[in-house]
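S.K.: Have a look at this one.
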Amino acid sequence: MNDIAAQLAQLHEASLDRHTRLISGPQGPRVMLDGTPVLLLCSNNYLGLADHPRVREAAADAAMRWGVGAGASRLVSGTMTIHERLERRLADFEGTESCMLYGSGYLANIGVLTTLGGAGQTIFSDALNHASIIDGCRLARADTFVYDHCDLEHLQWALRDRGREGDVIVTDSVFSMDGDVAPLAGIVTLARRHGALVVVDEAHATGTLGPGGRGAVAEAGLEGEVEVLVGTLSKALGSYGGYVCARSEIVELLVNSSRSLIYSTAPSPPAAAGALAALELLIEQPLRPEKLQSTAELLRRQLGAAGMPPRSGRTQIVPLIVGDAEATVRLSEAALARGVFAQAIRPPTVPAGSSRLRLTVMASHTATELAGAVAALGDAAREVGVTFDPVPDAAEPVARAA
Ligand code: PMP
């Protein structure tokens with residue numbers, strides 16, 4: 001029997017129940033949350049472009065020119081001028097021959113992995129890859145081998161053991177909940193040796209890392225070496241939708257085989273136009289990603305100085321590991337009462353025992369705002385009795401709940 005009430009009670013009991021919270025007004029470094037002004041420290045609107053006047057205007061203009069809905073999937077009658085315009089710009093930006101938009105990054109990962117991961121093949125997937133990659137692996141007819149997080153030796157062992165020409169290695173470039181960066185050069189070397197295709201999900205790296213925000217693959221000097229780049233329009237690009245950049249032949253296969261593209265309506269024209277305006281802002285103002293990273297570095301330093309060292313890293317994702325789910329929820333609520341919104345991230349999003357506040361900075365946060373947030377987090381931690389070990393460990397929880 002599907003006992004819904006019992007399932008909900010069980011989640012509540014384990015402090016694993018989830019609820020939406022209402023933001024009124026636009027997304028920005030400060031928002032109105034459930035009617036109260038708070039500093040937002042858990043958004044992926046990294047460059048603050050979701051409410052940028054040029055992005056808003058582009059979306060509004062597109063709604064007037066092309067309407068709101070695409071009305072059909074891309075292969076029926078949903079391919080519109082704005083889609084092709086954005087795809088051309090994204091392909092140029094990523095340095096690939098071709099690009100295909102998807103309804104979301106989630107759908108893009110599913111589309112790529114189900115298309116490239118055919119029966120008889122293996123998808124080698126990092127243990128901390130995003131849920132959309134995990135779901136893509138589940139839906140693909142290929143077998144999945146999950147290698148230990150960022151562990152090239154384990155990957156190499158697995159490729160030797162079972163790798164075949166045409167298999168797929170897939171990884172986040174910046175891991176969404178930990179903020180660390182995949183060993184991309186090593187992965188590409190192993191892939192070449194074993195004839196595997198490499199799929200890199202740049203969701204948290206586009207607009208945040210690499211020259212001009214062109215991502216972690218570009219930062220590692222690997223442009224042209226990675227067969228498939230997956231991206232999202234929903235984070236640094238401030239809009240909604242996903243995309244795949246690759247050589248034309250791969251994109252053509254996706255168009256013919258990837259069900260999350262074929263059987264889903266094309267992205268809405270305002271979302272595509274908003275993303276295009278954001279991409280143009282990024283290209284015109286390439287220092288935004290640097291500002292983001294220096295802001296992240298500042299937050300890391302301030303947290304460390306306040307006795308709350310985050311997990312070590314160098315990106316805009318700054319995880320403050322608590323460990324216990326219930327303590328994490330209490331810490332998040334106590335911070336919120338002090339005007340800082342940092343959502344508690346718990347299993348199954350992260351492994352059991354590693355619940356955390358996944359702090360994310362935006363390029364538009366000021367030093368004063370961050371100092372205020374760190375003070376509020378420190379007070380909140382004292383109130384709920386969470387203490388942090390002085391030295392953060394890369395793999396283990398660093399806080400103890402009283
Ligand atoms: N990949 C990664 C690494 C992500 O973090 C996310 C979103 N959290 C996605 C893909 C999905 O992107 P979208 O929100 O556009 O569906």
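S.K.: Got a sec? Charge dipole of the chain, +1 on Cβ for Lys and Arg, -1 for Asp and Glu; which of S234, A127, G95 is way out at the positive end?
M.R.: Of the options given, the answer is S234.
S.K.: Modelled label-to-label distance, R141 and E165, 7 Å Cα→beta-carbon offset: nm?
M.R.: Output for this residue pair reads 2.0 nm.
S.K.: Give me, ordered by chain and number, the residues 5 or more places off S73 or on other chains with an amide H under 5 Å from its own placed amide H.
M.R.: Under 5 Å from the amide H of S73: G78, A266.
S.K.: Here's another thing I want to ask about it. Express the accessible area of segment 263-402 per residue in Å², computed with a 1.4 Å probe while the remaining protein chains stay in the model.
M.R.: Values: 5380 Å² over 140 residues.
Ligands and nucleic acids excluded, the result is 38 Å² per residue.
S.K.: Also, I was wondering about something else. Apply the Karplus curve 6.51 cos²θ - 1.76 cosθ + 1.60, θ = phi - 60°, to the phi angles in segment 117-123 and return the couplings in whole Hz, x for Gly and Pro.
M.R.: Karplus values, whole Hz, x for Gly and Pro: x, x, 4, x, 9, 10, 9.
S.K.: Taking 41 Å as R0, compute the FRET efficiency from the Cβ-Cβ separation of E284 and D379 and round it to 0.05. Provide the component values of the computation, followed by the final result.
M.R.: Details: r = 41 Å, r/R0 = 0.99.
Efficiency at R0 = 41 Å is approximately 0.50.
S.K.: Separate question: Along the charge dipole of segment 192-305, Cβ charges K/R +1 and D/E -1, which of L281, P211, S294 sits furthest on the positive end?
M.R.: Of the options given, the answer is S294.
S.K.: Counting only other residues whose beta carbon sits under 12 Å from that of V255, what net charge do I get with K and R as +1, D and E as -1? Before the final figure, lay out each step's value.
M.R.: On the way: positive: R74, R259; negative: E87, E249, E252.
Neighbour charge sum, excluding V255 itself: -1.
S.K.: Which of the listed residues, A62, A380, P351, is farthest toward the dipole's positive end in the chain, when Lys, Arg count +1 and Asp, Glu count -1 at the beta-carbon?
M.R.: The listed residue farthest towards the positive side: A62.
S.K.: Would you grab the residues whose amide H sits under 5 Å from the one on R214? Only those 5+ places off in sequence or on another chain, please, with H modelled 1.01 Å from N.
M.R.: G207
S.K.: Nothing charged except the Cβ atoms of Lys and Arg (+1) and of Asp and Glu (-1): what's the magnitude of the dipole of segment 260-402 about its Cα centre? Round to the nearest 20 debye.
M.R.: Numbers: 13 positive and 13 negative charges, 15 e Å.
The calculated dipole for segment 260-402 is roughly 80 debye.
S.K.: Return the calculated 222 nm mean residue ellipticity for the chain, to the nearest 500 deg cm²/dmol, obtained by summing -39500 (n - 2.57) across DSSP H runs with n ≥ 4 and dividing by the residue count. Working shown, then result.
M.R.: On the way: 14 runs with 164 residues, N = 402.
Estimated from H runs of four or more residues: -12500 deg cm²/dmol.
S.K.: If you average the sequence gap of Cα pairs under 8 Å that are 6 or more apart and divide by the length of segment 269-372, what percent do you get for the contact order?
M.R.: Contact order relative to length: 29 percent.
S.K.: Highest mean first, how do 169-181, 238-250, 18-30 rank when packing is the count of other Cβ atoms within 10 Å averaged over residues?
M.R.: Values: 169-181: 24.2, 238-250: 22.5, 18-30: 11.8.
Ranking, from highest mean packing down: 169-181, 238-250, 18-30.
S.K.: Is segment 155-222 best put as rounded, prolate or oblate by its Cα gyration tensor, with a ≥ b ≥ c the root eigenvalues, rounded for a/c under 1.5, and otherwise prolate when a/b is larger than b/c, oblate when not?
M.R.: Numbers: a/c = 2.69, a/b = 2.01, b/c = 1.34.
It is prolate, given that a/c is not under 1.5 and a/b is the larger ratio.
S.K.: Using a probe of 1.4 angstrom, how much of the accessible area of the chain is carbon and sulfur, in percent? All intermediate terms of the calculation are to be shown ahead of the outcome.
M.R.: Details: 9080 of 16970 Å².
Carbon and sulfur: 54 percent of the exposed surface of the chain.
S.K.: Now a separate question. Dipole magnitude of the chain about its Cα centre, charges +1 at Lys/Arg Cβ and -1 at Asp/Glu Cβ only, in debye to the nearest 20?
M.R.: Numbers: 34 positive and 45 negative charges, 127 e Å.
Dipole size: approximately 620 debye.
S.K.: Further question: Please state the relative contact order of segment 88-230 as a whole percent: Cα pairs under 8 Å, 6+ residues apart? Intermediate values should be presented prior to the final figure.
M.R.: Values: 259 pairs, mean separation 29.1, N = 143.
20 percent.
S.K.: ³J(HN,Hα) across segment 364-371 via Karplus (A = 6.51, B = -1.76, C = 1.60, θ = phi - 60°), whole Hz, x for Gly/Pro?
M.R.: Karplus values, whole Hz, x for Gly and Pro: 8, 6, 9, 4, 5, 4, 5, 4.
S.K.: Can you order the peptides 193-206, 317-330 by their average number of other Cβ atoms within 10 Å per residue, highest first? Spell out each step's value before the answer.
M.R.: Values: 193-206: 24.8, 317-330: 22.9.
The peptides rank, most packed first, as 193-206, 317-330.
S.K.: Here is a further query. I'd like to compare 208-214, 274-280, 118-124, 3-9: which one has the highest average count of other Cβ atoms within 10 Å, and what's the full order after that?
M.R.: Numbers: 208-214: 21.9, 274-280: 25.1, 118-124: 17.9, 3-9: 9.7.
Most protected by this proxy first, the peptides run 274-280, 208-214, 118-124, 3-9.
S.K.: Out of N256, N129, N109, any idea which swings most in a Gaussian network model of the chain, alpha carbons joined below 10 Å?
M.R.: Sorting by GNM fluctuation, first place goes to N256.
S.K.: Starting from the amide H of F145, placed 1.01 Å from N in the peptide plane, find each other amide H under 5 Å away whose residue is 5 or more places distant or on another chain.
M.R.: Residues meeting the amide H criterion: I123, F124, S125.
S.K.: Where both residues lie in the chain, what percent of DSSP beta bridges are antiparallel, nearest 5? Provide the component values of the computation, followed by the final result.
M.R.: Values: 30 of 48 bridges.
Of those bridges, close to 60 percent are antiparallel.
The values are calculated or read from the model by the stated rules, or taken from the named source; none is laboratory data. Predicted model, so just to flag it, every value in this text is computed and none were measured. For neighbour counting, all protein chains shown are included, and Cβ atoms are generated from backbone atoms with ideal geometry for every residue, glycine included. Heads up: the accessible areas ignore ligands, DNA and RNA and are worked out on the full protein's heavy atoms, side chains in. Shrake-Rupley method; radii C 1.70, N 1.55, O 1.52, S 1.80 Å.
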